[in-house]
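Enquirer: There's a structure below that I have some questions on.
The values are calculated or read from the model by the stated rules, or taken from the named source; none is laboratory data. This structure is a prediction, so every number in the text was calculated from the model and none was measured. Here the Cβ positions follow ideal geometry from the backbone for every residue, glycine too, while neighbour counts run over all protein chains shown. Heavy atoms of the whole protein, side chains included, go into the accessibility calculation; ligands, DNA and RNA do not. Shrake-Rupley method; radii C 1.70, N 1.55, O 1.52, S 1.80 Å.
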Amino acid sequence: MSTDKFFSYKGVLAGTLTLLLSLSTIFAQAHFSGFTGVAANVGATEAGEETQFTADGFFAGQVDLFGVVMLRTGVSLRTNNLISMDLFKGVPATFRLDELSITARFPCCHVTRYISVFAGNHESIGSDLFLRRHFGILPANSRLSETWEGRTDTTIYPFSDFGASYVLKLQSSQAFGLYFYTGNKEEQFRGNVDLRFAGVFSLATVDFSAGIGFPITFDESTGASISLNRKIELHTGLSTIIGNTHTASLFLQFGLSKIVLNSEDDQSVMKLSDLYFWIEPRFKANFMNFHFTMFNLPTNAVQNMFFVSGSLGCNLAIFANNLYAGVFNFTVGTHLTISTQSISLDNFNNISNKDISFRVSPFVETPLFEGTLMSRFSIDFMEFEQMHKTIQFTLGYKTSL
């Protein structure tokens, strides 16, 4: 089997899932839920030469058929610079499939089994989607990690590309999962197998996974084969909240996206840049909230985040809930973020003032028409001479469907 033929099968699978999502609307008893959002962004280009104006949009939805089959989809869109485009002739944009999945539910004997086939990112470790879907908890991830592209948080490592999963949920608010999925990494096609455990307890919520990635090679005569004599990779991730979310709690995430094992020379390789951590104590007093965060993130995760411009750093978030002006209820706060783009844990000893970003990012949110209107402003105070080029502004709206 050739690689091209294999990927053609992936295209057939994606088309089949899309067709199932379209046909689901014919079921009279199907229940639909979802949310969508749009946002306008103003800021300097990466080169800092000019101002750019872009727009983001996303849609995520779920169709529940008789409580037995769940069809989910999530897509996001980002336009190019609208200032330099002719809106009447069309604007180029980047379209991304975040998730496309079908899940069958089998309750029996005080346990519920879920079998899923998916494309895109599917309840990746580090995201709180798994806990929200299976245990009904409120959103638990950090405000600092919010984006406007459908996914509301970062992931330690993704369950992505094409795959299948089996989840066993117990009545005691615990769940076990087994995942099989593919992926292209470093121009090499790889397979992955992961185990997962999650649970909601009185003073803690836990989501843990660990797995192995291995190369899959293709040969016209023999077909696909797994090569364990070449480098294989281990990965693991843990996400937990400890304490009382109404007073004081601790949000922790740790993970390793890659530990390389080479059976030929019996060596293991782990880079500090592959280490993921997110340490966030949270305190609440009356209507005031204080969150202090230390983080080390994958570089690609930072690209979609508004409040963070570097992968290694710390943050202080101060915000107040339930501030009323007439009939309007506001959440008002600010993020104070110190981070660095060019320095990682591997070369931290080489850090200097020019590598550091200090962003001040006030924000305001208010409920409006069954949704949330949000505005954010950000500026980097370490760029004294060209501070005006670091200004970013976002105005967006999210709503349930």
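Enquirer: Would you check which residues across region 180-197 are charged (D, E, K, R) and modelled with pLDDT under 95 and list them?
Expert: LYS185, GLU186, GLU187, ARG190
Enquirer: Moving on to the next point. Identify, from the list SER361, SER309, the residue that is crowded, with 16+ Cβ neighbours inside 10 Å and out of contact with any helix residue (DSSP H, G or I) (no Cβ under 8 Å at 6 or more places or on another chain).
Expert: Criteria check complete, one pass: SER361.
Enquirer: Given the structure, is ARG96 over 21 Å from TYR397 (Cα atoms), surrounded by fewer than 18 Cβ atoms within 10 Å (Cβ to Cβ) and either touching a residue at least 40 places away in the same chain (Cβ under 8 Å) or not basic (Lys, Arg) (or both)?
Expert: Numbers: over 21 Å from TYR397 (Cα atoms): no; surrounded by fewer than 18 Cβ atoms within 10 Å (Cβ to Cβ): yes; either touching a residue at least 40 places away in the same chain (Cβ under 8 Å) or not basic (Lys, Arg) (or both): yes.
For ARG96, the condition - over 21 Å from TYR397 (Cα atoms), surrounded by fewer than 18 Cβ atoms within 10 Å (Cβ to Cβ) and either touching a residue at least 40 places away in the same chain (Cβ under 8 Å) or not basic (Lys, Arg) (or both) - is not met.
Enquirer: Do we have any residue at all in region 339-350 that's assigned to a strand (DSSP E or B) and surrounded by fewer than 18 Cβ atoms within 10 Å (Cβ to Cβ)? Working first, answer last.
Expert: Taking region 339-350 as the starting set, the residues that turn out to be assigned to a strand (DSSP E or B) are 339-340.
When the remaining residues are screened for being surrounded by fewer than 18 Cβ atoms within 10 Å (Cβ to Cβ), the result is none.
Taking every residue of region 339-350 in turn, none turns out to be assigned to a strand (DSSP E or B) and surrounded by fewer than 18 Cβ atoms within 10 Å (Cβ to Cβ).
Enquirer: Looking at (1) open to solvent by less than 40 Å² (accessible area, probe 1.4 Å); (2) assigned to a strand (DSSP E or B); (3) closer than 23 Å to ALA40 by Cα, which is the only condition ASN81 fails?
Expert: Single failed check for ASN81: (2).
Enquirer: Any residue at all in region 53-70 that is farther than 30 Å from LEU395 by Cα, touching a residue at least 24 places away in the same chain (Cβ under 8 Å) and touching an Asp or Glu at 6+ places or on another chain (Cβ under 8 Å)?
Expert: yes
Enquirer: In addition: Return the only residue of LEU395, LEU336 being touching a residue at least 60 places away in the same chain (Cβ under 8 Å), surrounded by 13 or more Cβ atoms within 10 Å (Cβ to Cβ) and part of a strand (DSSP E or B).
Expert: LEU395
Enquirer: Filtering region 173-216 down to residues that are assigned to a strand (DSSP E or B) and hydroxyl-bearing (Ser, Thr, Tyr), which residue is farthest from ILE125 (Cα to Cα)? Spell out how you get there, then give the answer.
Expert: Here is the first cut: in region 173-216, the ones assigned to a strand (DSSP E or B) are 174-185, 188-200, 204-216.
Now restrict to residues that are hydroxyl-bearing (Ser, Thr, Tyr): 179, 181-182, 205, 209.
Details: TYR179: 11, TYR181: 14, THR182: 16, THR205: 13, SER209: 7 Å.
Per the criteria, the residue is THR182.
Enquirer: ALA55 is checked against (1) surrounded by 17 or more Cβ atoms within 10 Å (Cβ to Cβ); (2) at pLDDT below 85 and fails just one. What number does that condition carry?
Expert: Only one criterion in (1) surrounded by 17 or more Cβ atoms within 10 Å (Cβ to Cβ); (2) at pLDDT below 85 is unmet by ALA55, namely (2).
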